[in-house]
1. For the stretch 49-116, what is the convex hull (Cα atoms) projected area averaged across all directions, in square nanometres?
2. Hey, what do the phi angles of the stretch 63-76 turn into as Karplus ³J(HN,Hα) couplings, whole Hz, using 6.51/-1.76/1.60 and θ = phi - 60°, x for Gly and Pro?
3. In sequence order, what are the phi-derived ³J(HN,Hα) couplings for the stretch 141-157 according to the Karplus relation 6.51 cos²θ - 1.76 cosθ + 1.60 with θ = phi - 60°, rounded to whole Hz, with x for glycine and proline?
4. Return the long-range amide H neighbours of Gly169 (sequence gap of 5 or more, or a different chain), with a cut-off of under 5 Å between placed amide H atoms.
5. P(r) for the stretch 95-212, please, calculated from all Cα pair distances in 5 Å bins and given in %.
6. Once you place label points 7 Å from the Cα toward the Cβ at Ser75 and Asp185, how far apart are they in nm?
Amino acid sequence: MSGKSRSKVWAVIGGSLVVVGLLIRLAIAFGGSHQSTTTTVSPPPTDDGAMTVKPGDYSPPRYICEHLDFKEFASVFQLQGVRDGYNTGLEPEVVSGSMCKQPMSRGGTNLVNVTVHCSAWRDVDKAIDEFGGLEALDGSPEAVTGLGDQAFRYRAPNGPTVGMKVRAGNLGCEVEAEPGAPLTDAEIDGSFTAMTQLLQTLIPKLGPVKAP
């Protein structure tokens, strides 16, 4: 083979190598560019708090005066005047309810105001926490059995008021008797008995919610 022929062969081989090299560079560049535009989307964070809410069986009570006549107190006091009430709940997405007040007479002008207040919490655990927290605010609480899931009665430490609180699931109810002057022991015992009977009658009227 002549020198001129060999030169042509090497020229062809060299050109081929250049083309192959260019193709390799383009493939690498294209692959790197494609990889750089690929993004990984993370799933949105979950709201763990929403998963922990345990709704109760009781809906927020409304107009509980319609369920009350306060006859349970007839053997202790005399009803006087008309009962009055309103719905409550500054945070309806958390808790709301209703209250009802009835004035009663101990004879003469000595009055006792009996108030009933019931609220339903959106979360059962919150109802349990708040029930325990409220208990600590009242004087000399005594456990009451056979009424709801938790119940206690108390005498207010700084006044003549006596009361009873009960929790049934996510529902909390309280009855208070607030006299103008301290009650006698007989009136206190009679009030506690009347409160127990009132709550035993009232709570079933407020629920629980029946499944469709």
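1. Values: hull surface 24.8 nm².
Mean orientational projected area (the stretch 49-116, Cα hull): 6.2 nm².
2. 6, 5, 4, 5, 9, 10, 10, 6, 5, 4, 8, 4, 7, 10
3. The phi angles translate into x, 10, 4, 10, 9, x, 9, x, 8, 8, 7, 8, 10, 7, 10, 4, x Hz.
4. So Gly169 has HN proximity to Asp149.
5. Over the stretch 95-212, the share of Cα pairs per 5 Å bin runs 2, 11, 22, 23, 20, 12, 6, 3, 1, 0, 0 percent.
6. It is 1.9 nm.
Computed from the coordinates by the stated procedures, all read-outs in this text should not be read as laboratory data. Not measured: the values here are computed from a predicted model. So basically every Cβ, Gly included, is an ideal-geometry build from the backbone, and we count neighbours across all protein chains shown.
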